[in-house]
Amino acid sequence: MSGPLAQYLVLAALLFAIGLAGALSRRNAIVVLIGIELMLNAANLNLIAFWRYGPNPEALEGVIFVIFSIGIAAAEAAVGLGLIITVYRHFKSTSVEEFGELKG
Amino acid sequence: MQSAFYILALLTIAGALGAMNFKRLVHCVLSLVVCFAGLAGLYLNLNAQFAGLVQLLVYVGAVAILVVFAMLLTRNAEDAPQNAGSTDWYLGLGVASMVFLILAFAVQGSELGAAETGKLSDPSVKAIGKSLMTTYVLPLEAMALLLTSALIGAVVIAKGPEEGGKP
């Protein structure tokens, strides 16, 4: 497959891979959360690209789906950062190495 | 159209790479803002005006500020040293490049072609609002409930134990 849709899909795959690499290798929990946000955004880009180049661009499903996805990402960021602040208060660090002690 | 795509794609990828590679957290967040802005531009390029502006409002406006606040509240005495070359780093890079290669090959080998791109749909905000209020009213209400509970939950989690009270 080639053409504009493939370009957007490859770009989204690259964005996803960058976010994954960061989430897997960085130590700081906030940067890990940023990586997760990047992966979510790559998925959103895929949804918009498929909607735009799909067989039925009059339908609104693609845009609506992305709006809901962005809303969920906002809620996730708020709760995730709240958790990070709480854990920081306990361990005085945001390194994910420390979080291993949270294992029940 | 095409050159706009390349410029925005470059901006987005550069922003993402910076967000994952800068040592200082402030630089990471600023780079993330560049990445989100590039994505909003890509949405506009794809004729999804409403999604692009929502992306700009929610991500560049709200999420980035939220991350900055969390960063300021958890200021580390030491900037966590980046260990490029450790096993974790190689592991992350290896898994990520594997995932990218698999996805890219899947896209290139796919039979699915783009539909004819002659007709450009331009969904108005009015149409989106109407369908949010009719077809998608149940998901919309569920989203409202989720956002409310996330707001309250984040406050309760981050507030910490009360003075002299039970945690």
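The values are calculated or read from the model by the stated rules, or taken from the named source; none is laboratory data. In this text the structure is predicted, and so the values were computed from the model without any measurement. Positions of Cβ are backbone-derived with ideal geometry, glycine not excepted, and every protein chain shown enters the neighbour counts. Each accessible area value is taken on the protein alone, full model and side chains, heavy atoms only, with ligands, DNA and RNA left out. Shrake-Rupley method; radii C 1.70, N 1.55, O 1.52, S 1.80 Å.
Quick check: anything in region A:37-60 acidic (D, E) and either farther than 22 Å from B:V63 by Cβ or outside any helix (DSSP H, G or I) (or both)?
Yes.
Looking at B:L46, B:L66, B:L39, which one is open to solvent by 40 Å² or more (accessible area, probe 1.4 Å) and not β-branched (V, I, T)?
Exactly one residue qualifies, and that residue is B:L66.
Is region B:77-88 home to any residue that is surrounded by fewer than 19 Cβ atoms within 10 Å (Cβ to Cβ), modelled with pLDDT of 85 or more and more than 7 Å from chain A (Cβ to nearest Cβ)?
Checked region B:77-88: no residue is surrounded by fewer than 19 Cβ atoms within 10 Å (Cβ to Cβ), modelled with pLDDT of 85 or more and more than 7 Å from chain A (Cβ to nearest Cβ).
Which residues, counting only those in region A:72-100, are open to solvent by 50 Å² or more (accessible area, probe 1.4 Å), in a helix (DSSP H, G or I) and farther than 20 Å from A:L24 by Cβ?
Matches in region A:72-100: A:I72, A:R89, A:H90.
I'd like the full set of residues that are in contact (Cβ under 8 Å) with a residue 40 or more places away in the chain and at the interface with chain B (Cβ under 7 Å from one of its Cβ atoms), limited to region A:62-83.
A:A77, A:L81
Can you report the number of residues in region A:76-104 which are of a type in the set (D, E) and touching a helix residue (DSSP H, G or I) at 6+ places or on another chain (Cβ under 7 Å)? Step through it out loud before you land on a result.
From region A:76-104, those of a type in the set (D, E) are A:76, A:97-98, A:101; that's our starting set.
Subset that is touching a helix residue (DSSP H, G or I) at 6+ places or on another chain (Cβ under 7 Å): A:98.
Final tally of qualifying residues: 1.
Return the only residue of A:A49, A:A59 being more than 7 Å from chain B (Cβ to nearest Cβ) and over 13 Å from the mean Cα position of the chain (by Cα).
A:A59
Cβ-Cβ under 6 Å, sequence separation 6+ or interchain: first residue in region B:46-59 and within 17 Å of A:L38 (Cβ to Cβ), partner part of a helix (DSSP H, G or I) and open to solvent by 10 Å² or more (accessible area, probe 1.4 Å). Which pairs?
Going by the 6 Å Cβ cut-off, the qualifying pairs are B:V58/A:A74.
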